[in-house]
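Pasting a structure here, questions to come.
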Amino acid sequence: MTDTGSEITIKKFTITKTGAKVEISEQTQLEHGPVNGVQGPGEGYVYDQTVELERTGDAWKISSIAPENPGKPYPTTIVDPDTL
């Protein structure tokens with residue numbers, strides 16, 4: 001890989017007395033170097049996720065992160081949740 005960039009957009013943020021739910025969209029672009037002198041195409045994807053936050057006192061803690069549209073294969077920069 002020769003270059004990469006990601007941008008996260010918050011689509012929706014909802015707060016309750018005990019926690020919060022954040023819907024985000026990750027847009028990532030990956031550029032690969034040539035293989036045997038042939039330049040391949042770049043790779044890009046949008047990965048929508050839901051993050052659940054839990055309030056503990058004055059602090060916030062991530063309680064879960066899940067794709068909005070679960071399914072395999074996952075993008076190359078995303079760890080398969082089954083391996084965690």
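So how far apart, in nm, are the two label points at K61 and Q39 if each is 7 Å from Cα heading toward Cβ?
4.9
Can you pull the percent of region 1-46's accessible area that's carbon plus sulfur, 1.4 Å probe, other chains left in place?
Carbon and sulfur atoms account for 54 percent of the accessible area of region 1-46.
Can I ask one more? For the chain, what does the accessible surface come to per residue with a 1.4 Å probe? Please give it in Å².
73
Between I8 and E52, what length in nm is gained on full extension when 0.36 nm per residue of separation is reduced by their alpha carbon distance?
Extra length available between I8 and E52 comes to 14.2 nm.
The values are calculated or read from the model by the stated rules, or taken from the named source; none is laboratory data. All figures in this text were calculated on a predicted structure; none of them were measured in a lab. Neighbour counts run over all protein chains shown; Cβ positions are idealised from the backbone, glycine included. Heavy atoms of the whole protein, side chains included, go into the accessibility calculation; ligands, DNA and RNA do not. Shrake-Rupley method; radii C 1.70, N 1.55, O 1.52, S 1.80 Å.
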